[in-house]
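See below for the structure under consideration.
Nothing in this text is a laboratory measurement; each read-out follows from the coordinates by a stated rule. Everything numeric here is computed off the predicted structure, so don't read it as measured data. As a convention, Cβ positions derive from the backbone with ideal geometry for all residues, glycine included, and neighbour counts pool all protein chains shown.
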Amino acid sequence: MTNLHNLTVAELRKAVAIKEKIEALQSELDSVAGAEGGDAEAAAPGRRKRRHMSAAARARIGAAQRARWAKARKTARASARAAAPAKKKKRKVSAAARAKLSAIARARWARVKAAGESKL
């Protein structure tokens, strides 16, 4: 493109006339394209119509995503169970062992009380 500062007045007038012709032809082209193809703005390059998703498609996508999350949670739970150590069973004292321990405790308290103390 040439520098507009170096043009003469006649050259500037010629450039303006050409530019006006280009704009007139462009508007005519848009009107022809608009009459055949619908909206002139939709036919313009770089301008696309917005796409809308149907409710059924949205439901299918949502169901597929919920299935993926369920599968991921299932595998996470299985790996957590495998990694977790097994709980130890709580040990129970047999009746005979309990009787033996209580006899030892009674004997200890008898010695403390015989010594005249109230604490161990």
Only four residue types carry charge here, +1 at the Cβ of Lys and Arg and -1 at the Cβ of Asp and Glu. Report the dipole size of the chain about the Cα centre in Debye, rounded to the nearest 20. 3480
Farthest toward the dipole's positive end in the chain, which of V93, A63, A78, given Cβ charges of +1 (Lys, Arg) and -1 (Asp, Glu) about the Cα centre? V93
Restricting attention to the stretch 44-120, which trypsin sites (Lys or Arg not before Pro) occupy a DSSP loop and are surrounded by at most 11 other Cβ atoms within 10 Å? R47, R48, K49, R50, R51, K87, K88, K89, K90, R91, K92, K119
Per 10 Å bin, what is the whole-percent P(r) computed from every C-alpha pair distance within the chain? 9, 11, 10, 10, 8, 9, 9, 7, 5, 5, 5, 7, 4, 0
Within the under-14-Å Cβ sphere about K119, not counting K119, Lys/Arg +1 and Asp/Glu -1 give a net charge of +2
For the chain, what are the DSSP H helices with axial Cα length of 24 Å or more and mean Kyte-Doolittle hydropathy of at least 0.0? 9-37, 95-114
Please find, in a Gaussian network model of the chain (springs between Cα atoms separated by less than 10 Å), the residue of I22, I61, I104 whose mean-square fluctuation is greatest. I104
